[in-house]
1. Where Lys and Arg each count +1 and Asp and Glu each count -1, what net charge lies around C:V241 among other residues with Cβ under 10 Å from its Cβ?
2. Hey, can you rank B:58-64, C:143-149 by average C-beta count inside 10 Å, highest first?
3. With θ set to phi - 60°, apply the Karplus curve 6.51 cos²θ - 1.76 cosθ + 1.60 along the range C:248-254 and write out the HN-Hα couplings as whole Hz, x wherever there is a Gly or Pro.
4. Percent relative contact order of the range D:7-63, based on C-alpha pairs within less than 8 angstrom and at least six residues apart?
5. With θ taken as phi - 60° and the coefficients 6.51, -1.76 and 1.60, list the Karplus ³J(HN,Hα) couplings across the range D:73-78 in order, rounded to whole Hz; mark glycine and proline as x.
6. Given C:K7/C:K138; A:K90/A:K228; A:K17/B:K122, which pairs have Cα atoms separated by over 18 Å?
7. Whole angstrom only: what separates the Cα centroid of the range D:73-123 from the Cα centroid of the range D:1-49?
8. With N residues in the range B:7-63, what two-decimal value do you get for its Cα radius of gyration over 2.2 N^0.38 Å?
Protein chains: 4
Amino acid sequence: MIREGDKVLLYGEDGSKIIITVEKGKKKGTHLGHVNMDDLIGKEYGDLIFFGKKQRAFYILPPTFIDLIFNMKRRTQIIYPKDASYILFKLDVKPGSEVIDTGVGSGAMCGAFARVVGKEGKVYGYERREDFYNLAKKNLENWGLNDFVELKLRDISQGFDETNVDALLLDVPDPDNYIEKCWQALKGGGKIGIICPTTNQVQQVLEKLYDYPFIDVEVWENLMRRFKPNPERLRPFDRMVAHTTYLVFATKVLRKIGGVSDE
Amino acid sequence: MIREGDKVLLYGEDGSKIIITVEKGKKKGTHLGHVNMDDLIGKEYGDLIFFGKKQRAFYILPPTFIDLIFNMKRRTQIIYPKDASYILFKLDVKPGSEVIDTGVGSGAMCGAFARVVGKEGKVYGYERREDFYNLAKKNLENWGLNDFVELKLRDISQGFDETNVDALLLDVPDPDNYIEKCWQALKGGGKIGIICPTTNQVQQVLEKLYDYPFIDVEVWENLMRRFKPNPERLRPFDRMVAHTTYLVFATKVLRKIGGVSDE
Amino acid sequence: MIREGDKVLLYGEDGSKIIITVEKGKKKGTHLGHVNMDDLIGKEYGDLIFFGKKQRAFYILPPTFIDLIFNMKRRTQIIYPKDASYILFKLDVKPGSEVIDTGVGSGAMCGAFARVVGKEGKVYGYERREDFYNLAKKNLENWGLNDFVELKLRDISQGFDETNVDALLLDVPDPDNYIEKCWQALKGGGKIGIICPTTNQVQQVLEKLYDYPFIDVEVWENLMRRFKPNPERLRPFDRMVAHTTYLVFATKVLRKIGGVSDE
Amino acid sequence: MIREGDKVLLYGEDGSKIIITVEKGKKKGTHLGHVNMDDLIGKEYGDLIFFGKKQRAFYILPPTFIDLIFNMKRRTQIIYPKDASYILFKLDVKPGSEVIDTGVGSGAMCGAFARVVGKEGKVYGYERREDFYNLAKKNLENWGLNDFVELKLRDISQGFDETNVDALLLDVPDPDNYIEKCWQALKGGGKIGIICPTTNQVQQVLEKLYDYPFIDVEVWENLMRRFKPNPERLRPFDRMVAHTTYLVFATKVLRKIGGVSDE
């Protein structure tokens, strides 16, 4: 049952998605008219509400984390769900993990990590731009996840405060400059993931990874294809997101001997 | 530091991966020679061990969940990491979630859900074949995850015991036969994910989903492309996994009005 | 050297492409100003011309067939170059081939076949809609290819006039209805190609193909990915054409024995 | 009707393809038994022949050019049909075209060009290795195409004999070294296509293309996906060719002015 303070997603007949935090006695303006929030209180998730001049129907849903990140205020390129979910899995993030995320940007990946690590874990977020830092702080608060994240307004050229972290995500314009610092922050057997939008960055990052004790180096690219959900004319959508980023993964070891093949 | 009872991954120069549970005073035979387990105790993760006639070098690593599922005993088609991670994200599984997984098969998806839902949540796994049920039980025990999973040796044609679950994964040969039962088990706003290896199954499932109050129906296919990690000759591997399954997702609502477009 | 009557492509600094047939003493209006056609006469291909108020630079190029079909008047969905070229190759069209193309639509595939079959070959184009028939006629004339094509304003439900053709392209909304007629028109060992935008059509067409003596049945889908041609930031374009059509190919035999596996 | 001297493709129930040149009174050994060639003479294409101990059925078909190149003797990496057909289309090769192909390798692309350019055109094939040169000569003879090709046993570091060619395909290990020579051989408005298996080569080639008067630079990658042709279980094959090469295309102009954007 929906109560005051809940975040709800209104899902319209036209596929539009509106996220609202329920406040007693208030109205919320949308492009389809005003929602009287009192009408939401006491309803069940999955139920319908009608509002606006045309009394348009909206389903009342609990917003998913994907809904939240697509809905958040952002000024940076977002990491797509297809990539975010694979990073979580490849970095083996689980309850209790300690994870570094840099740069934080709008905070979506920090939030994705935070949801999983829980109270026994911790996410350390490094961001050098104050506007992004503030934005991420606000977004994480809004998602109820800031207890699990320690945000730092800091350039990473001096390295990280932490050592022995389980995993680290490097999402900066010049990742090849920070590979040594990342190695120092990770525990033995810890995982690094690196966002590289261009093939040139992948090449530069690979060269650096081979200079330090990293093994099990993998490069992936993820093509998600969506289909029109019409059972009588099933076919992919005409156009798709063709590229977001290449993903580079590796595992820290304490020392490296020659001859470890990565093919 | 590695102790008795720990699971360790030995990562060889040839890229081979061996998972061992450390037992004092015992040896473990591998295709590259015998490992004296006492040699592992007290070492750090990321360190090296040498064994076998040729004293081959192996890195000692903590196995990731992906390592564990590729290493497990299985008799069924595995859900690939690319699909498993996306399912977790799309079904919005988080600490505290209640999730139904059916059919359980070797238990990999049960384990993936269990790692995230934690103590406050629960995974209900339905499997009708006794051999799979026993195999999944053993795998989940082996991964230390069986506290979070309630396995049921049961056909789902009679439906599920649970109601109001947050999410449900349907991975059976005839998914279109169980859409109503799934709807009954889910909470309002709950998410369903359906594994459909063929386009015919997708069509059949879509038709059924439109017969019941489900909205926000999406069909996805995930193509993961891996690159040879050679910075001087960066290019994709010659061959790739071209198809595992289509993924269908939808959201339960309590009642449905006409005219909700899903394109 | 460019002469009166030549078709030239003007390729602008902004990537725009304008196709002009050179006429003495005339001007051609474009969105970037007027071209004085006399200025083109006597120039070499690959040279520059400047026109319009801002004296914008344009390269003078011979238009390719791809340029011509993207520039033509059309009222129908075009077959993309990626698919057109593969069809030509798979149907083994060569100088001297006799080919049926139906429906003709705007005439692009007719033209693509005509360019290759030459004087010793022939393309038979069937189109039931008069407006498309007239459009295709005009386009083929414009490309100088109508000597190689015999266009027929005709529904194919009564079958084809020709027998023993080398290849046949079937591009109609209900291809599964014409498989027998196609078989009758083809020579033994002749090739059929079928345009199927949806998976449902592929399924229906496959069923019919197995009812008649066709072998070597193949289904393909072609994903062309384009990269931003920046050597310092090489990466795919953000978005791509994700789907145009599935392509089904098969070979006519005179009679079929059981048990020919098509996997 | 099949005569002596014809090339026929025997297509077996198991999908195997055998190409035979019919000789009176001779037998041809295959892995499935001996074919008595006299049995083929007088038969129609599309008909059946039975041979071997088990009297296996084989369809008698005219081999396509794709059949011929997959069947030829080769010592080099083949250009796949998906790439060969797109190159033909993008380079706008047609009856009468003059085309340079280098390196020739086993001669497949030379043959593909030769089939289209016909008697009024010409293919100039440059190959520096004598073994490849001889192999290509034999293959082209075998396909009946050597009248249309002038093969040259020659290194291209000294450039090409021809000027004003319509199109040029560059398929050598170090393509960035020959961009100027290629420019010199092409006519104004002529097309170049470059085979680049790695991203590094693409980057190097792009840099050189921008140093010379080339415009309309495009980089493409072609993913062909094949489906299991089962109408009741339609789905892609499990594995696919994930990468053969990147394809770079550009157009020669006589001189270049600044500021032409290629995005």
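1. On the way: positive: A:R239, C:K82, C:R225, C:R226, C:R239; negative: A:D238.
Local net charge: +4.
2. On the way: B:58-64: 24.0, C:143-149: 18.7.
Per-residue mean Cβ counts within 10 Å order the peptides as B:58-64, C:143-149.
3. Along the range C:248-254, the couplings run 10, 10, 7, 10, 6, 10, 6 Hz.
4. 38 percent
5. Coupling constants for the range D:73-78: 6, 8, 10, 10, 4, 7 Hz.
6. Working: C:K7/C:K138 15 Å; A:K90/A:K228 29 Å; A:K17/B:K122 29 Å.
A:K90/A:K228; A:K17/B:K122, as the Cα separations exceed 18 Å there.
7. 28 Å
8. Numbers: Rg = 10.0 Å, N = 57, 2.2 N^0.38 = 10.2 Å.
Here the Cα radius of gyration is 0.98 times the empirical estimate.
Quick note: the coordinates plus some simple rules give every number you see, no bench work behind them. Please read these numbers as outputs of a predicted model, since none were measured by experiment. We place every Cβ from the backbone using ideal geometry, glycine too, and count neighbours over all the protein chains shown.
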